[in-house]
1. For residue 33 and residue 86, FRET efficiency with R0 = 22 Å and r from the beta-carbon atoms, rounded to 0.05?
2. If you average the alpha carbon positions of the range 12-41 and of the range 54-95, how far apart do those two centres end up, in angstrom?
3. Go ahead and set up a Gaussian network model of the chain, Cα springs under 10 Å, then flag whichever of 80, 14, 63 fluctuates most.
4. To make sure I understand, if each residue's beta carbon is the centre and we count other beta carbons within 10 Å, what order do 76, 90 fall in, fewest to most?
5. Which one, 67, 101, 17, has the greatest fluctuation when you compute a Gaussian network model over the chain with C-alpha springs under 10 angstrom?
6. Of 92, 72, 45, which is the most mobile in a GNM of the chain whose springs link Cα atoms less than 10 angstrom apart?
7. Order of 82, 60, 5 from fewest to most other C-beta atoms within 10 Å?
8. Once you order the gyration tensor axes a ≥ b ≥ c over the Cα atoms, which shape class does the range 36-110 get: rounded for a/c under 1.5, otherwise prolate or oblate by comparing a/b with b/c?
């Protein structure tokens, strides 16, 4: 499990770095109400990249720190592929690759 934790931490850091590099990182958080959405991925209140930054990354970092609520499977890259179609002027290729690597790491650990 220790190897999984280290790999996951590396993936999360790389995802954040790539989001910053391509300009998808925001400095101002969304409204508290937007983060409290009950819809999966806060799809009704946030853009996918906002969900990555303000929900996914913090929850995964907390799961690593506390070693609780760690996912047993992941398929984030599939949703990212669809959502990134809207970002036609931003090259999300590397970010998508990083999300796929994250999914593969989590899913491989469950086998």
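1. Numbers: r = 23 Å, r/R0 = 1.03.
Approximately 0.45, to the nearest 0.05.
2. The range 12-41 and the range 54-95 have Cα centres separated by 9 Å.
3. 63
4. Working: 76 20, 90 13.
Arranged by neighbour count, lowest to highest, 76, 90 become 90, 76.
5. Highest fluctuation among the options: 67.
6. Fluctuation is largest for 72.
7. On the way: 82 9, 60 22, 5 15.
So the ranking, lowest neighbour count to highest, is 82, 5, 60.
8. Working: a/c = 2.04, a/b = 1.27, b/c = 1.60.
Cα axes put the range 36-110 in the oblate bin.
We did not get these values from a lab; they are worked out from the coordinates using the rules stated. Bear in mind the structure is a predicted one, so any value in this text is a computation, not a measurement. Heads up, the Cβs are rebuilt from the backbone with ideal geometry, glycines too, and the neighbour counts pull from every protein chain shown.
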